[in-house]
Amino acid sequence: MRKLLVFLLLMGCVISLCFTVYYFDKIFRSGVAIPGSEDVVEIPYRLVVISQEMDSPFWNQVERGALSAGKELNVGVEFWGTYRSNMEDFMKHVEIAIASKVDGIIVQGLNTEEFSAITKLKAAKYGIPVITIANDVSMNESLRKTYVGSDHLLVGGMIADQLVLDMQGSGKVVVMVSDREEEYQKLRLQGILDSFENNPNINYKIVTSGDSSEQITSATKQLLNEEPDTDAFIGVTSDSATAIVQEVEKRSSLENFHIYSFDDNPETLNYMRKGYIKATIMQSPEEMGIESVSLMVKWLKGEVLPLNHVGYYTDVKVLRAEDVR
Amino acid sequence: MSHIQQKIITLSVIVVFIMAVIWTILTYYNQKSLEQYNEILQRYMRMNEVSNRSQEAVTNLNNYLLAPSEERMTILNDSRRSVSEIEVELDGLQDQGNSFTLTNYRNMIGSLLESIELTVMMHEQNNRTERNSYFVEATKISKFISETTLTLISKELDTYDQFYKNIIEQSSNLKRLGFWMMALISLLMVLFSYYFAKGITRPIKKLTFAARELSRGRFDLDIEVSSNDEIAFLARTFDRMRININNLIVEIQQKAQLERDLQESKLLLKESQLMSLQSQINPHFLYNTLNTLSKKAYLEGSKETSDLIASVAGLLRYNLKRLDRDVTLGDEVSIMLQYIDIQKARFTDRLQFELVADESCYSVQLPGMTLQPIIENAVIYAVEPREEGGVIRMNITDAESMVFVRVEDNGAGMDPEKIQQILSELQVSSVSEGHSTGIGLSNVIRRLRLLYGREDVIDITSESGVGTSITLMLPKNIKQ
């Protein structure tokens, strides 16, 4: 009995010794340390990418490209921005970037006076280089270093050519544009019109609507009422094509319409798979991110001086409904 | 000799030491966590302080612009200085997570200070438009700073997320460590005190057991206590006492044995004296009468009878005088010869006696009446029962320190049991067997042993139908 008791006590001792050592080791080894400043790598340049449409698939790819380029080039890149259509907040981000005296601003261009004033006056005053991305501002009014993104003039032409091809050179086309006169929209429209000029059998009409999907829907509704013989739509601004599809779908068979978009977002791709949207443009957002950051770094280091003022165009290609299926 | 005290003190010291170690460890880690918490809190406070001071600076600027005065200028300058002071302090807050934002933050503070300066400058130059635009910018930047403070703090939370988790885990580990350590120490203490108590009580138990055995009279068990404290000392003392008592008892037993031996010899002496008294009944009368009878027989011409009676008288006188005295072998031989004469008269030719003696040995001392009973024995067993008679031979030889006296007969022999009986002195007085002197063989052996103080004084060999040989071994020098 006594021996058993002693044995049990010994066992208890051994077990608790094991646990004690185990926890002691754990505590000793984990050695919680405050994430210190000793392993901070001094970043040579701080670059900020500012977008108006954060979290859209397009800009997510831009962000991915920019951040990976930043990591590769060992410069600090942060992706700032606003969600849709909050221009005030967007301007604030630009101002913060300027007040923070970052080394470079890569920004989605905005065709407002305020924007050009800020980029022109403040950024230039602090000597901060600005590169526009995805959407340019008019070259002459801005002091931006360069533009990185798609050649929207070319893009417009490509879509128009595809349309002409699809419609065998004749038909009635409605070109939906936004009342916000963004540079890319202007260029795309220019491209479309240039193409249509070579095809006199194409009848076209330019319809301007608001930016929101409701405004586009109502504009489409009105248009279909006024001109029921329309054969094709081109949604120049982002997301306008999907709004058009939704409206047209309610009225008649979509087979009769040729609808064209400039986006490659999932919704558009979905409609393309169904055959509702005939073609769209594939841009290269990731490439834009990478290219813009590396150009900025090159400029900062003085490797490429000056930058091509016209811009650096990234790859574009026409994506037809047949390709998606 | 304060081992038990030492043991107790050692135990207490160990307990206190372990407790102190645990306390130190737990306190150390707690202190460490507290410091870390503190440090983090300090960071937050400092960031918040930046936000507050920059706002204050803008407020002071506004106050100054509304109503410029020396005093307000001083206040503004103070707050500007305090902002730039804290900007320097921000340097220590850098880590891998926030270096980007922190640099922005510091630059923003720089921009704020510049804007404030420009505002003041423009104000002094009375340039209202410029002044206002710079003031608006300063206000904006101060707002940005506040916002960035929030961003920084939220980044901080991100960065320290793992750290917080670690700290929480650490503290729970500490708790568990404390629990297990407590358990370990408790168990160890129980075990230790068990063995400690055992170490004290086991020798006491042994001692108790030994005392009980002693009290029951067992003095031959060793008392062994292996510890080295007071108990062991007690046990050693106790053991010495046991050994002493044991020795005393052995001594007493030896003395008792001696006493018994003495008693026995006294009894024997008394017995023989009694016998001699019995045979002393009017001995002088008997002796004188025998002498008268001898003379009368001589006078009547019966010379042979006369000699016989003289021999009997001689024998009687020797017997009376010499029984309790040592005599020489020579005396013994002559009295033995007289006895043979008497027996020859009785058995005539049936008794043949041959004596071969080394007379140089006649001076050896021996108890009186030693040879006669042996011869008588031989006569009784070898001559008397046999019609054709028997031969008795006596040899006295010198063997260096001894004298051998051998008496041989050619009688029927003795059986071994009888020999054994004789040798172990068990044979009772053999008066009944017709000994003339009343002294048997056993008596002779006992007296010889008593006199010489040794056991091997006699050797008896016997063969049935051939004869018996009794050899006495008499040392020449008697030990006193």
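The values are calculated or read from the model by the stated rules, or taken from the named source; none is laboratory data. Worth saying up front: this structure is predicted, and the values here are computed from it rather than measured. Backbone-built Cβ (ideal geometry, glycine too); neighbour counts: all protein chains shown.
Checking B:Leu316, B:Leu268, B:Leu248 one by one, the residue that is hydrophobic (A, V, I, L, M, F, W, C), out of contact with any helix residue (DSSP H, G or I) (no Cβ under 9 Å at 6 or more places or on another chain) and surrounded by 10 or more Cβ atoms within 10 Å (Cβ to Cβ) is B:Leu248 and no other. The requirement of being surrounded by fewer than 19 Cβ atoms within 10 Å (Cβ to Cβ), closer than 25 Å to B:Ile153 by Cβ and touching a residue at least 60 places away in the same chain (Cβ under 8 Å) is satisfied by B:Gln55. In the set (1) closer than 24 Å to A:Leu47 by Cα; (2) free of Cβ contacts under 8 Å to residues at least 24 places away in the same chain, the condition left unmet by A:Lys274 is number (1). I need the full set of residues from the range B:151-181 which are more than 7 Å from chain A (Cβ to nearest Cβ), in contact (Cβ under 8 Å) with a residue 40 or more places away in the chain and closer than 24 Å to B:Ala20 by Cβ, in order please. If the condition is that a residue be more than 7 Å from chain A (Cβ to nearest Cβ), in contact (Cβ under 8 Å) with a residue 40 or more places away in the chain and closer than 24 Å to B:Ala20 by Cβ, then B:Ser171, B:Gly178 are the ones that fit. Taking each residue of the range B:353-368 that is surrounded by fewer than 20 Cβ atoms within 10 Å (Cβ to Cβ) and looking for partners that are assigned to a loop (DSSP other than H, G, I, E, B) and among the β-branched types (Val, Ile, Thr) with beta-carbon atoms closer than 6 Å, six or more apart or interchain, yields B:Gln365/B:Ile478. Of the strands (runs of 3 or more DSSP E) entirely within the range A:136-220, those holding at least 2 residues that are more than 18 Å from the chain's Cα centre (by Cα) occupy A:171-178, A:202-209. Considered as a group, the residues in the range A:71-125 that are hydroxyl-bearing (Ser, Thr, Tyr), at pLDDT 80 or above and part of a loop (DSSP other than H, G, I, E, B) include one that is farthest from A:Ser138 (Cα to Cα), and that residue is A:Ser100. When the residues of the range B:1-58 are narrowed to those that are of a type in the set (Gly, Ala, Ser) and part of a helix (DSSP H, G or I), which ends up farthest from the chain's Cα centre (by Cα)? The residue in question is B:Ala57.
Name the residues in the range B:182-203 that are away from chain A (no Cβ under 12 Å), surrounded by 14 or more Cβ atoms within 10 Å (Cβ to Cβ) and over 17 Å from B:Val13 (Cα atoms), would you? Answer for the range B:182-203, where residues must be away from chain A (no Cβ under 12 Å), surrounded by 14 or more Cβ atoms within 10 Å (Cβ to Cβ) and over 17 Å from B:Val13 (Cα atoms): B:Gly199, B:Ile200, B:Arg202, B:Pro203.
Filtered by the rule that a residue be within 14 Å of chain A (Cβ to nearest Cβ) and not acidic (Asp, Glu), the range B:106-122 gives B:Arg106, B:Asn107, B:Met108, B:Ile109, B:Gly110, B:Ser111, B:Leu112, B:Leu113, B:Ser115, B:Ile116, B:Leu118. Counting only residues that are under 21 Å from B:Glu137 (Cβ atoms), of a type in the set (S, T, N, Q) and crowded, with 18+ Cβ neighbours inside 10 Å, the range B:71-100 holds 1 of them.
Close contacts from the range B:94-105, counting a first residue that is under 14 Å from B:Arg43 (Cα atoms) and at the interface with chain A (Cβ under 7 Å from one of its Cβ atoms) and a second that is buried (at least 18 other Cβ atoms within 10 Å of the Cβ) and aliphatic (A, V, I, L, M), with Cβ to Cβ under 8 Å and a gap of 6+ residues or different chains, come to B:Gln94/B:Leu102. Scanning the range A:295-323 for residues being under 21 Å from A:Trp59 (Cα atoms), surrounded by fewer than 21 Cβ atoms within 10 Å (Cβ to Cβ) and in contact with a helix residue (DSSP H, G or I) (Cβ under 7 Å, 6 or more places away or on another chain) gives a total of 4.
Using the structure shown, decide if A:Val62 is out of contact with any Leu (no Cβ under 8 Å at 6 or more places or on another chain), assigned to a helix (DSSP H, G or I), of a type in the set (A, V, I, L, M) and away from chain B (no Cβ under 14 Å). The answer is yes for A:Val62.
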